[in-house]
Structure formats: structure tokens, C-alpha cells
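The values are calculated or read from the model by the stated rules, or taken from the named source; none is laboratory data. Small disclaimer: the values here were computed from a predicted structure and weren't measured. Here Cβ is always computed from backbone atoms with ideal geometry, including for glycine, and neighbour counts include all displayed protein chains. With ligands, DNA and RNA removed, areas are computed over all heavy atoms of the protein, side chains included. Shrake-Rupley method; radii C 1.70, N 1.55, O 1.52, S 1.80 Å.
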Amino acid sequence: MKAVNEMKKVMFVQHFGSVFEHSLWVAEQAVRDRPFESVQTLCDKMTAVVQEASCSDQLALLRNHPNLGANMKMTDASVKEQKAAGLTSLSKEEFNQFSLLNEAYTQKFSFPFIMAVQGKTKEEICVQMKQRLQNDKETEFETALAEVFKIARFRIEDIVIQEEPSAC
């Protein structure tokens, strides 16, 4: 964490700006509260920035996430996460099923289905998509934000772990 706390603002935003999909503003605001005592403190601060944001900013953040299993331009972190879950090698039938579920979900909630897919299989993700389509808008908005916070935690841990060797 020493190296993270000593980063210039521009470097911090460069390293942590992609933690929240295409939402640099989170890192730009969080950097003001350094030093961070731990990865948990950094996660908590970045999460608080999002929680304190307006509903429209939160919705924009959710809308910045790619559809799971879709063939579209994504951040490197999203590509890595989806690949590990088997979402980049779907059969034609699986791709069609994910496409239909993504379309139904986005039509109902006005943002893409978001799930922290680390450690999950494409089958588990599909089941969750079907179940969460039954939620009301308020419940799903909160669920999607909670999933974004899980994704952020995984990404922050990856970044800090990668930085540790250079800090020694």
C-alpha cells in the first residue's frame, strides 16, 4: 500500500481508473482521501464514492458495463474476467441464449446484467440472469451495484498485488 499511497494523482487514476468500468471519476475522487491503510480501506473509499454519487451517476456507471457473453469492445479486465468464466467461448446456442437474456434484462432494467463472474461458470451465470430477471427495479439496481463493488474489490486486489514487487 505504500507504493499506492505514494503515487502521483495521475498515476493513481491511471492504475485504478478502470476498477469501475469506464468511470475514472471514482478514482479521481477517491485519491483525495489518501493515505489508505489497506486494500480494504481503498475498496471502502472507492465504494463510498459511488454510494454517495447521484442516482444518475450510479446508473451511468452501471450502463458502462458490457453485456456478459457479448461480442463487444470491453476493458482488459472485463475480457479477462469473462474469458475465465467461459463467456468468450460460448457455443452458438449459448450465445443466443445469453443474447436473449441480456436483451430482456436491459429492456426491463435499463442497464446491463452485472455479476462478479470470478470463480463462476457460464451455467451459474445463466441461472443468475434468469433468477434476477424476476426482481423489481429497485432490488435489481441495488443488486447490480453490490456486484459492481465485488468486481471492484477483485480488480483492486489484482492491481495492488501487481504493484507489491515494485514497491520492495
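General observations
- If R0 is taken as 22 Å, the Cβ-Cβ distance between Arg34 and Gln162 corresponds to a FRET efficiency of 0.75.
- Using alpha-carbon coordinates, inclination of helix 122-132 to the longest axis of the chain, degrees: 80
- Loop-resident trypsin sites (Lys or Arg not before Pro) (DSSP state other than H, G, I, E or B) in the range 1-41 with no more than 10 further Cβ atoms inside 10 Å of their Cβ: Lys8.
- Whole-number accessible area per residue in Å² for the chain, which is evaluated in the context of all protein chains at 1.4 Å: 55
- Only aspartates and glutamates eight or more places from Lys150 in sequence, or on another chain, were considered; those with a Cα closer than 13 Å are Glu21, Asp44, Glu81, Glu142, Asp158.
- Selected from Gln58, Gln131, Gln29 as most flexible by GNM, with the chain as the system and alpha-carbon contacts under 10 Å: Gln131
- Unsatisfied cross-links (Cα-Cα over 23 Å) in the set Lys9/Lys83; Lys45/Lys83; Lys80/Lys108; Lys83/Lys137; Lys83/Lys130; Lys8/Lys80: Lys9/Lys83; Lys45/Lys83; Lys80/Lys108; Lys83/Lys137; Lys8/Lys80
- On the range 22-73, 47 percent of the accessible area sits on carbon and sulfur atoms, based on a 1.4 Å probe.
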